[in-house]
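To keep things clear, I will list the structure first and then write my remarks on it.
The values are calculated or read from the model by the stated rules, or taken from the named source; none is laboratory data. Keep in mind the model is a prediction, meaning the values are calculated, not measured. Cβ: placed from backbone, ideal geometry, glycine included. Neighbour counts: every protein chain shown.
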Amino acid sequence: MSRHPKPNLHGHKARKRFGQNFLHDPYVISNIINAIYPKDDDCLVEIGPGMGAITEPLLEATGKLNVIELDRDLIPILRTKFFNYPGLQIHEGDALKFDFSQLAEPGKRLRIIGNLPYNISTPLIFHLLSHHALVQDMHFMLQKEVVERLAAVPGNSDYGRLSIMTQYYCKVELLFIVGPGSFNPPPKVESAIVRMTPYETLPIVAKDTKMLQTVVREAFSMRRKTIRNTLKKLISAEQLEALGIDTQLRPEVLTLEDYVRIADAVLQLSEQAEKENGTE
């Protein structure tokens, strides 16, 4: 690992406000491309191409690629570097506000790739989950701590809202760890590659995903309290016990199935209350 930052061939300095850390390690790049295994007819989308470290091998593999880049200074660099790839479509804008449905092709789902800025990774993942039906898979470079939260299982201290809502929609796999020396400038933390594959058919279906999000958010608003206390505004201890939930457990012990069961019950209670109010 070099102690000195690698020179930037295009003279572009990484911007802190965009959370930029440019990948330059050829071994890591090769491992990422092998994990993605791009094919000719794939509908590939790259978020935050930066200096094109992953862009280049993706284009070499398929000849076509949509990229979304917020830093307008990088766009002419990308156009110049990949001028001989007419299949490269560059979309200037914020991935958090981007409508990914416009990139979908008939009969194909999106394969989304990105070295995501750490400062927006969680809201961006929630945004992408809202498009889950359009997505075949996602391969992201993220802060290792975020990947551990995505992949965490019940009983693990990393398990929480992000784990539950991601695993509701996707199978999550931590593929490998990437050290700070693989980037310029080096980040202060380790990174990891994660693969998220949306289910074609959800294994567990909530009656209302917004209610599921509400229940999970409330449950984890006070991690150290029992589920009886964190959810008391939504459902009574007696009602939780009727669902087979041990009310003395902390929120990180309950499974996704438990949360779906609670959310469905809270929805039913809410609908009953509305009916009763409407008949008064």
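If I ask for residues that are within 23 Å of the chain's Cα centre (by Cα) and surrounded by fewer than 15 Cβ atoms within 10 Å (Cβ to Cβ), which ones from region 255-274 would you list?
257
Does region 217-268 hold any residues that are touching a Leu at 6+ places or on another chain (Cβ under 7 Å) and among the hydroxyl-bearing types (Ser, Thr, Tyr), and which are they?
Scanning region 217-268 gives 226, 247, 259.
Consider region 33-54. How many of its residues are under 24 Å from residue 190 (Cβ atoms) and modelled with pLDDT under 95?
Residues in region 33-54 being under 24 Å from residue 190 (Cβ atoms) and modelled with pLDDT under 95: 7 in total.
Filter region 69-84 for residues that are β-branched (Val, Ile, Thr) and under 21 Å from residue 100 (Cβ atoms) and give the result.
Residue satisfying the conditions is 75 alone.
Against the definition (among the hydrophobic types (A, V, I, L, M, F, W, C), over 23 Å from residue 178 (Cβ atoms) and either part of a helix (DSSP H, G or I) or out of contact with any helix residue (DSSP H, G or I) (no Cβ under 6 Å at 6 or more places or on another chain) (or both)), how does residue 140 come out, yes or no?
no
Filter region 118-150 down to residues that are β-branched (Val, Ile, Thr) and buried (at least 21 other Cβ atoms within 10 Å of the Cβ) and give me whichever is nearest to the chain's Cα centre (by Cα).
Ranking the candidates gives 125 first.
Got a sec? Which helices (runs of 4 or more DSSP H) wholly within region 151-239 have at least 3 residues that are exposed (fewer than 14 other Cβ atoms within 10 Å of the Cβ), of a type in the set (Gly, Ala, Ser) and out of contact with any Ser or Thr (no Cβ under 9 Å at 6 or more places or on another chain)?
By residue number, no helices (runs of 4 or more DSSP H) qualify.
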